[in-house]
Amino acid sequence: MEILTGEGQLSRGEKLAWAGATDIGLRRKDNQDSFLASLPFFLVADGMGGHAGGKQASETLLGALRPFEGRKLGVEKVHRLLDTACQEVMNLAEANLDYSISPPGTTLTGLVFLNATIDDSVDAAKTTVETTVDVESAPPPPPQAPQPPVAETSPEEPSLLVVNVGDSRTYELADGLLRQITRDHSQVAQMLEAGLITSEMARIMPNRSVITRAVGAGQLELPEIDSWTLPVSGMPGSRRYLICSDGLHSLVDEGEIGRLLVAASRPEDAVKSLVEAALAAGGFDNVTVLVLDVVSASGSVTGSATDSASDSGSKEL
């Protein structure tokens, strides 16, 4: 397993540390997941559409954003970039490729730093970690988390834009508590929200992998991407964010995910532990994990996320 690591600092003094990795898993013949971990983007895309289509869709989506790494972006610019990236994925259906399952598509989830002046001392490196696990039967997925309230931020104030479409997820760990800050777009999530099933039933529903919203996958219009902002400045202590494909959260319950995030002193330690946990739970899907630590300008760290920053496949639609 190759882990990408990096550090950075915003002009207002917030320190950042991150790590990310993707693994083919134990059952798939190819890895259709992609991730982008470079300021201002921390995103995971889980492709669908067979060997050719899924990988190309996820790589195309994130590849359209790469030219804007290291730039200060406002919310309107980010939304325009996302629209352009989504359109590129939708255009893949017209390419001369043999899509064995369905037209290419992908999920998208993660964070984008808005209006943030980035310090030039950003550094990234790759670390190779050997992973050995025992294959066990996979547990059912955890129940759907409720949608969090939207934080209010000034249009010009540095903030985090949360983006999501599909069933990959973004979580926040703060004060030792893990909460899902995105909403799954899936049939099971809709049934749960409508009160038609219980959270216990959702864990064993046979259609729990059927998603209702994606980028591409035969859709003729640009997808509706959930988005809202979270503050960066003025938050005490530190926060840890987890961005992952369903290859993690469908196999490892949120209690274990939270425990592993709290126990890890550095983002790369958390990434390694979480990928290994997914593989130990069966590794039935590709698994991609990004962990981002944001430490306040004061440098104080409280309880949950660590002081590491200061130290420096196929789905149905």
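The values are calculated or read from the model by the stated rules, or taken from the named source; none is laboratory data. Note that the structure is a prediction, hence the values are computed from the model and not measured. In this analysis, Cβ positions are derived from the backbone assuming ideal geometry, glycine residues included, and neighbour counts consider all displayed protein chains. The protein model used for the area step is the full one, side chains on, heavy atoms only, and it has no ligands, DNA or RNA in it. Shrake-Rupley method; radii C 1.70, N 1.55, O 1.52, S 1.80 Å.
Observations
- Residues of segment 221-251 classified as β-branched (Val, Ile, Thr) and surrounded by fewer than 23 Cβ atoms within 10 Å (Cβ to Cβ), total: 2
- Filtered by the rule that a residue be in a loop (DSSP other than H, G, I, E, B), among the hydroxyl-bearing types (Ser, Thr, Tyr) and farther than 26 Å from LEU260 by Cα, segment 224-245 gives a lone residue, SER233.
- Any hit, segment 44-62, residues being within 17 Å of THR117 (Cα to Cα) and in contact with a strand residue (DSSP E or B) (Cβ under 9 Å, 6 or more places away or on another chain): no
- When we screen PRO141, PRO155 for residues that are at pLDDT below 60 and surrounded by 13 or more Cβ atoms within 10 Å (Cβ to Cβ), the only hit is PRO141.
- Filtering ASP285, ASP293 for residues that are acidic (Asp, Glu) and open to solvent by less than 10 Å² (accessible area, probe 1.4 Å) leaves a single hit, ASP293.
- For segment 210-220, the candidate set comprises residues that are surrounded by 18 or more Cβ atoms within 10 Å (Cβ to Cβ) and in a loop (DSSP other than H, G, I, E, B); within that set, the residue that is modelled with the lowest pLDDT is ALA217.
- Any hit, segment 29-43, residues being among the small types (Gly, Ala, Ser), farther than 11 Å from LEU292 by Cβ and either in contact with a Lys or Arg (Cβ under 9 Å, 6 or more places away or on another chain) or open to solvent by less than 10 Å² (accessible area, probe 1.4 Å) (or both): yes
- Among the residues of segment 32-79, the ones that are closer than 20 Å to THR5 by Cα, under 16 Å from the mean Cα position of the chain (by Cα) and of a type in the set (A, V, I, L, M, F, W, C) come to 11 in all.
- Scanning segment 14-33 for residues that are of a type in the set (S, T, N, Q) and part of a strand (DSSP E or B) yields a single hit, THR22.
- Of everything in segment 181-207 that is closer than 30 Å to ARG239 by Cα and open to solvent by 50 Å² or more (accessible area, probe 1.4 Å), the residue that is modelled with the highest pLDDT is ARG183.
- Sole exception among (1) outside any helix (DSSP H, G or I); (2) surrounded by fewer than 19 Cβ atoms within 10 Å (Cβ to Cβ); (3) hydrophobic (A, V, I, L, M, F, W, C) for LEU81, by number: (1)
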